[in-house]
Amino acid sequence: MSQECIFCRIINGEIATEFVYQDEQVVAFRDIAPKAPVHVLVVPRRHIPSLAHVTAEDEGVLGHMMYVARQVAEQEGVLESGFRTIVNTGPDGGQEIYHIHMHVLGGRPLGRMVSR
Ligand code: 5GP
Ligand code: ZN
């Protein structure tokens, strides 16, 4: 838990946010500034700043995040139409929030670029 981290505050219920999915390891909620009709963030409850900070002990939760992304895609009705998962890392990766998260985007053709 990081006191200044907005995602930790969301996970702790300090900032009221509807979870579209939650379990003991991760939560998922809608992005406040959606870039597509479906734009959900899959976020581990544990504060890991970025993909650059993960260690071998995080392998399990990282794999779980990808499985949850698939569950969210199904729930949001984009499993067959397709979706994109993005993990931005560090300044050049365009990361804004330093609590690791996976974007799940879909509901429209997203083009061939690997971008938001
Ligand atoms: P990043 O650039 O770090 O990969 O993505 C951070 C994402 O978090 C952005 O898409 C931004 O719109 C979203 N975001 C930032 N603050 C909040 C918030 O308070 N609530 C929600 N639901 N999303 C947020
Ligand atoms: Zn955090």
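Miscellaneous remarks
- Within the listed set Pro44, Pro34, Pro91, the Gaussian network model of the chain (springs between alpha-carbon atoms below 10 Å) gives the highest mean-square fluctuation for Pro91.
- Accessible surface, the chain, averaged per residue in Å² (probe 1.4 Å): 59 Å²
- Whole-number percent relative contact order across the chain, with pairs defined as alpha carbons under 8 Å at least 6 apart: 30 percent
- Rounded percent of accessible protein surface that carbon and sulfur make up, the chain, 1.4 Å probe: 52 percent
- Residues Leu51, Leu62, ordered by accessible area of protein heavy atoms at a 1.4 angstrom probe radius and largest first, appear as Leu51, Leu62.
- Rounded to 10°, Cα long-axis angle of helix 59-75 versus longest principal axis of the chain: 40 degrees
- Cα gyration tensor category, rounded, prolate or oblate, for the stretch 73-116 with a/c compared to 1.5: oblate
- Cα gyration tensor, the stretch 1-85 - rounded (a/c under 1.5), prolate or oblate: oblate
- Residue with peak Gaussian network fluctuation, the chain [Cα springs, cutoff 10 Å], from Leu105, Leu41, Leu79: Leu79
- Pairwise label distance in nanometres, Gln71 with Thr85, each label 7 Å out on the Cα-Cβ vector: 1.3 nm
The values are calculated or read from the model by the stated rules, or taken from the named source; none is laboratory data. Please read all numbers here as calculations on a predicted model, not as lab measurements. Please note: Cβ atoms are built from the backbone with ideal geometry, for glycine as well, and neighbour counts cover all protein chains shown. Accessible surface areas use protein heavy atoms only, side chains included; no ligands, DNA or RNA. Shrake-Rupley method; radii C 1.70, N 1.55, O 1.52, S 1.80 Å.
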